[in-house]
1. Kindly indicate which of B:72, B:68 is within 14 Å of another protein chain (Cβ to nearest Cβ), open to solvent by less than 70 Å² (accessible area, probe 1.4 Å) and part of a helix (DSSP H, G or I).
2. Just need a number here: residues in segment B:1-46 that are within 11 Å of residue B:77 (Cα to Cα) and within 14 Å of chain A (Cβ to nearest Cβ).
3. Which of the residues belonging to segment B:49-63 are surrounded by 14 or more Cβ atoms within 10 Å (Cβ to Cβ) and either at pLDDT 90 or above or of a type in the set (D, E, K, R) (or both)?
4. From the list A:15, A:23, A:51, which one is open to solvent by less than 70 Å² (accessible area, probe 1.4 Å), more than 7 Å from chain B (Cβ to nearest Cβ) and under 18 Å from residue B:5 (Cα atoms)?
5. Consider segment A:29-48. How many of its residues are modelled with pLDDT under 90 and open to solvent by 80 Å² or more (accessible area, probe 1.4 Å)?
Amino acid sequence: MQLKLFTLTGTALILWISPLYALDKKVSWHRAIQGGCLLAAFGCAIEGSRLAQKLAKEEALSRAKEALLISDIQDEMAQSAYLSEQERRLQNQLYLESLTAPTAPTDGAIAPDHTDSPHQLTPALDKSFIASHQVTPPIPEGWEFPDPKVPITSVVRGVIVACLRCGWSQNKTIEAVFGLSKGGNNPNYEAAKNWYQQIKSEMG
Amino acid sequence: MKAMHLLNLFLSGCIASSFLGWVAMLSPTAMRIVSAILCTALVGWGLCWLLDDTLTSRLSVNHLQLQAFLIASLAMFLVGLGVILCS
């Protein structure tokens, strides 16, 4: 496109200047050629300006898209830094609480050692972190139990995935999603259990 | 690209001015017609300088843009006319 633009501009220049200097104004057909060349040069210049305007708009659009992408990435990085900062504060807080918590030794028992490794706090920290970040329940309001014998929809699949991410057990998930409880040889429960295990294996 | 766009617009103005000069050279009647057109354009150009406040509010441009346009149009006219007269 840029080559076309430069070609149009060059052509306009050449068609403007050269016939006026190369041809004789006194000869009638020379004059006609000069007039035609001037008109052609005018057309080339107008077309070149339109093309340049179109290219300038495309350039501005691509620059705006790039700036938007960069700002999105920066926003994500800032968010992840904020979350890791929050996690670090929580870790420090829990560690300090564990150190300052009063522990009364029982009769004949030895007082617990306060030099616990921070790694022992990790399960409690994980639970508190998950609890603090779990804002929405996995089962939406007004949930209607689907039939496990028919192929499940993407909505039901998403709800089961949400339950798995919340750390719910199989029975709890099946009871919440399908409204079925374990007991006896219930074919519906077996079908629901198959869906649960399939989705769990897909999640890895 | 914006510069190329403005350059091509300037070039088209110069070519249009040369074309007017070429038309004027065809016959004495054409010369008179083109002279009348040019005189009208010159008067209009002068009025634009005097009525710049009204024009800027009507056309939603600022003073600098209007002045740049007027100066560029004069330059276009002079360049185009100069090329045709010198050829």
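1. B:72
2. Total satisfying the criteria: 12.
3. B:52
4. A:51
5. Of the residues in segment A:29-48, 1 are modelled with pLDDT under 90 and open to solvent by 80 Å² or more (accessible area, probe 1.4 Å).
Each row is one residue, and each column tells you yes or no for (1) among the aliphatic types (A, V, I, L, M); (2) at pLDDT 85 or above.
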position	(1), (2)
A:168	no, yes
A:171	no, yes
A:176	yes, yes
A:179	no, yes
A:183	no, no
A:187	no, no
A:190	no, yes
A:195	no, yes
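The values are calculated or read from the model by the stated rules, or taken from the named source; none is laboratory data. Keep in mind that this is a model prediction, so the values were computed, not measured. Heads up, the Cβs are rebuilt from the backbone with ideal geometry, glycines too, and the neighbour counts pull from every protein chain shown. Just the protein is used for accessible areas: all its heavy atoms, side chains included, with ligands, DNA and RNA removed. Shrake-Rupley method; radii C 1.70, N 1.55, O 1.52, S 1.80 Å.
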